[in-house]
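Beneath this line is the structure, given in structure tokens, with notes to follow.
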């Protein structure tokens, strides 16, 4: 990309946000052409943006550690500062004598508006302020339907977007970075002082066992997926008991890897994966793009129903049932296994996410926003777009949503996708000795089977908190109410 080199003899600030990597980082590469580079990450206080949940906050600490190590090795230490970027960035410009500020674009509405205002202020002061793409494969405000509106259905969106996604090859990491100016009096805060890690209690042991935050962890996971798990992906991705998915979503959420890098590696991988495997994986990357397309064009996606008909839906406020769902105590093993996996590892298999979300919104008739908020706090891959869009999709209120009357039967879902009960046993040790025939419906097991398995319903494992058929009929009746009122 050609760019103005007028300021190459002066320092540049590169502002890291949700792009915690040094490769395929256009803002960092632009800064590297200057005589000095000042990398900074700002813990934004007073921002209208939604604060990160607990799991993402844990991830942020470790990701920043890895980024700081990489930048240090390249020659330009990372500054950590807290406050309002609208004040901190101009102050940094004065202290360092920087003539340029670079960053990679964010697309959630509150950040987007603040970034635009800051860019205008910097440019008005004679600075080069430039932003770059990198978080997505497309610019979500630019892609339009033939009618000039944004896309609300995934399939035509993907058909319109997919042909152009190889147009930007990933950038390499810089070989070195010129350090920030000598004599610039800049005092960095310490990561430890930010208190991002949980203490008393430290609940993050399962997260530490499951994940390696940072750019190197992202690249290692991508390589492992392409070499060992991409073959058969189209068929195996829905089976939670096997390790068949990429696990790249939390790395994408923190910007430790870009979708462009993933698509590029997928296209060049020496793998015997089928065209169906590759196509299915590309579509999963595309669903993330669609979610961001929706959020960029519909800022209230996490708060307001996309389909306004659902504004009148008779959601039930039931704190006891909500708690049982959150803690994996519903009495439906596939749901509980997913919620326990989430609590322990900060992640849940996508098929089980759909089943668990359907159970909350349809079996319990609890507002999807309660589930979205819980996932926001507990998922290491929670991002503003995918979390909200996926919850609305399951609830039936979203764009291109699953029909509300599509109510997953948790027993049948378990028997279909976890037929031997491997996933349930891994996450519900109290059901570890249950035979496959009854593991998804232990309440139907004969007493002798329960006794042999060491299961006492209502004591060691809960009885179902709702009856499936009764809950289904209640949900359908509620949906009929809003249809009749429309």
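Would you check which residues across segment 103-126 are touching a strand residue (DSSP E or B) at 6+ places or on another chain (Cβ under 6 Å) and over 30 Å from residue 282 (Cα atoms) and list them?
Residues satisfying the conditions are 119, 122, 123.
Residues of segment 249-261 that are assigned to a loop (DSSP other than H, G, I, E, B) and in contact with a helix residue (DSSP H, G or I) (Cβ under 6 Å, 6 or more places away or on another chain): 254, 256, 257. Scanning segment 457-467 finds no residues that are within 31 Å of the chain's Cα centre (by Cα), over 15 Å from residue 335 (Cα atoms), assigned by TED's automatic domain parsing to the domain that holds residue 359 and surrounded by 13 or more Cβ atoms within 10 Å (Cβ to Cβ). Of everything listed in (1) part of a loop (DSSP other than H, G, I, E, B); (2) closer than 25 Å to residue 475 by Cα; (3) under 24 Å from the mean Cα position of the chain (by Cα), the single unmet condition for residue 330 is (3).
Could you tell me which of the residues 45, 5 is under 18 Å from residue 192 (Cα atoms), surrounded by fewer than 22 Cβ atoms within 10 Å (Cβ to Cβ) and either at pLDDT below 95 or not assigned by TED's automatic domain parsing to the domain that holds residue 114 (or both)? First the steps, then the outcome.
Values: 5 fails: under 18 Å from residue 192 (Cα atoms).
None of the others qualify; the one that does is 45.
Residue count for segment 223-237, restricted to those that are surrounded by fewer than 18 Cβ atoms within 10 Å (Cβ to Cβ) and in a loop (DSSP other than H, G, I, E, B): 2.
Taking residue 137 as the residue in question, decide whether it is touching a helix residue (DSSP H, G or I) at 6+ places or on another chain (Cβ under 6 Å) and farther than 21 Å from residue 14 by Cα.
Values: touching a helix residue (DSSP H, G or I) at 6+ places or on another chain (Cβ under 6 Å): yes; farther than 21 Å from residue 14 by Cα: yes.
Against the criterion (touching a helix residue (DSSP H, G or I) at 6+ places or on another chain (Cβ under 6 Å) and farther than 21 Å from residue 14 by Cα), residue 137 qualifies.
Suppose we filter 176, 131 for residues that are touching a strand residue (DSSP E or B) at 6+ places or on another chain (Cβ under 6 Å) and touching a residue at least 40 places away in the same chain (Cβ under 8 Å); which single one remains?
Details: 176 fails: touching a strand residue (DSSP E or B) at 6+ places or on another chain (Cβ under 6 Å).
Selected residue: 131, the only one of 176, 131 that is touching a strand residue (DSSP E or B) at 6+ places or on another chain (Cβ under 6 Å) and touching a residue at least 40 places away in the same chain (Cβ under 8 Å).
The set of residues from segment 431-454 being within 18 Å of residue 324 (Cβ to Cβ) and either at pLDDT below 95 or part of a loop (DSSP other than H, G, I, E, B) (or both) comprises 440, 441. Given the condition on the phi > 0 side of the Ramachandran plot and either surrounded by fewer than 22 Cβ atoms within 10 Å (Cβ to Cβ) or in contact (Cβ under 8 Å) with a residue 12 or more places away in the chain (or both), answer yes or no: does some residue in segment 57-68 qualify? No.
The values are calculated or read from the model by the stated rules, or taken from the named source; none is laboratory data. Since we're looking at a predicted model, the values are computed, not measured. Note that we place each Cβ from the backbone using ideal geometry, even for glycine, and neighbour counts take in every protein chain shown.
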